[in-house]
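S.K.: Pasting a structure here, questions to come.
The values are calculated or read from the model by the stated rules, or taken from the named source; none is laboratory data. Quick caveat, the model's predicted, so the values are computed rather than measured. Quick reminder, even Gly has a Cβ in these numbers, built from the backbone with ideal geometry, and neighbours come from all protein chains shown.
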Amino acid sequence: MPLQSFELLLSAQCHLRPSHEAGTQMLEQACPVVTTVVDPPDRVRLDAGAQGRFQPLHTESVYEAIRSVRERPVNTVLLSPGRVDHEQLSTVTSLVRQFPGVATVAVVCRPVPAPPDRLLALGACGVRRVLDLSGRDGWRELRALVGDTATPTTGRILAGVLPALADAATDCRRFFELVVRLAPATVSVRALTRRLGVGASTLMSRFFRAGLPSPKRYLAGIRLLYAAGLLASPGFAIADVAYRLEYSSPQSFGRHLRSVLGITAADFRRRYPFNVALEDFVARLIDPYRETFRTFRPLDHGVADLGHR
């Protein structure tokens, strides 16, 4: 069954305003969230070692860690072998299998060898990486692992959109990169304009005069790409995705889908696998405008709003 109007979907939402500096600052402030299940003394070490590069979120159990993954944009879970008892091992397996986009890592925070049987048990649950944080190399590896604010879905969207832009102007490519990175926590184009720092009317005018779809269509489409990406993980319920994308409620997410696509959230999950949705987005909103993108500068702050020829 062919995808119905991602174009309709893209026409639902928003108002705008950008700047390289504002957008960059926004991305720098968006520290990755790292959930931990470690002993209290190790929490203190992780808080100190984060150095503003990631935000530790400490939990008491693997079950609580899974809950944090459902509710927050977590990209890594750190498990202390000594903190995960036998009763929690099946929950570790669920974490690894149901949330493949989240890195689950065993960590040793003190120069005391972790019980080999615990490490082997975590390995049997699917945990394939161990970091020794009792030395500098382990901290360096951890910061490299969590140092990118992008989620796996962000990377997949950028991997599809940026190459499709081909020889688009640098300013245009930067605009799309910022929108992709900011979209999960940006529910309207008005909010996007505040984060990017270009006047709303200026940006809207630039798109209109260039003969491009409105910025609201791009933001709405990218947000639903995130929804499709999250729904690909079996561990995420529709309600989880709604809250992760900051809809006011699962019902609000459902109403949005019905108004845009005429389908339920369950139908959206079934009919819009991520790769298909991404291909459709590129085909509708990128490919037809490649020539325009070559000279389009939506974030150009040194040029008055004179439109584009």
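S.K.: Considering the stretch 110-133 alone, what residues qualify as being exposed (fewer than 15 other Cβ atoms within 10 Å of the Cβ) and either outside the structural domain of Gln55 (by TED's automatic domain parsing) or not acidic (Asp, Glu) (or both)?
M.R.: The answer is Pro111, Val112, Pro113, Pro115, Pro116, Leu120, Gly123, Ala124, Gly126, Arg128, Arg129.
S.K.: What is the one condition in (1) surrounded by fewer than 24 Cβ atoms within 10 Å (Cβ to Cβ); (2) out of contact with any Leu (no Cβ under 6 Å at 6 or more places or on another chain) that Ala200 does not satisfy?
M.R.: (2)
S.K.: Could you pull out the residue among Pro234, Pro273, Pro298 that is buried (at least 16 other Cβ atoms within 10 Å of the Cβ), outside the structural domain of Arg72 (by TED's automatic domain parsing) and not small (Gly, Ala, Ser)?
M.R.: Only one candidate passes the filter, namely Pro298.
S.K.: Taking the conditions exactly as written (in a helix (DSSP H, G or I) and touching an Asp or Glu at 6+ places or on another chain (Cβ under 8 Å)), does Leu158 satisfy them or not?
M.R.: Yes, satisfied.
S.K.: Further question: Considering only the stretch 258-302, how many residues are farther than 30 Å from Ala237 by Cα and of a type in the set (Ser, Thr, Tyr)?
M.R.: 3
S.K.: Could you tell me how many of the residues in the stretch 97-116 are charged (D, E, K, R) and modelled with pLDDT of 85 or more?
M.R.: Total meeting the criteria: 1.
S.K.: Within the stretch 191-309, considering only helices (runs of 4 or more DSSP H) that don't extend past its boundaries, which have at least 2 residues that are more than 24 Å from the chain's Cα centre (by Cα) and at negative phi?
M.R.: 200-209, 290-293
S.K.: A further question follows. Residues to consider are Ala159, Ala164, Ala191; find the one that is in contact (Cβ under 8 Å) with a residue 24 or more places away in the chain, in the same structural domain as Ser233 (by TED's automatic domain parsing) and of a type outside the set (S, T, N, Q). Walk me through how you get there before you give the answer.
M.R.: Working: Ala159 fails: in contact (Cβ under 8 Å) with a residue 24 or more places away in the chain; Ala191 fails: in contact (Cβ under 8 Å) with a residue 24 or more places away in the chain.
One residue alone meets the criteria, Ala164.
S.K.: Let me ask you something else. Restricting attention to the stretch 54-69, does a residue exist that is modelled with pLDDT of 85 or more, basic (Lys, Arg) and surrounded by fewer than 22 Cβ atoms within 10 Å (Cβ to Cβ)?
M.R.: yes
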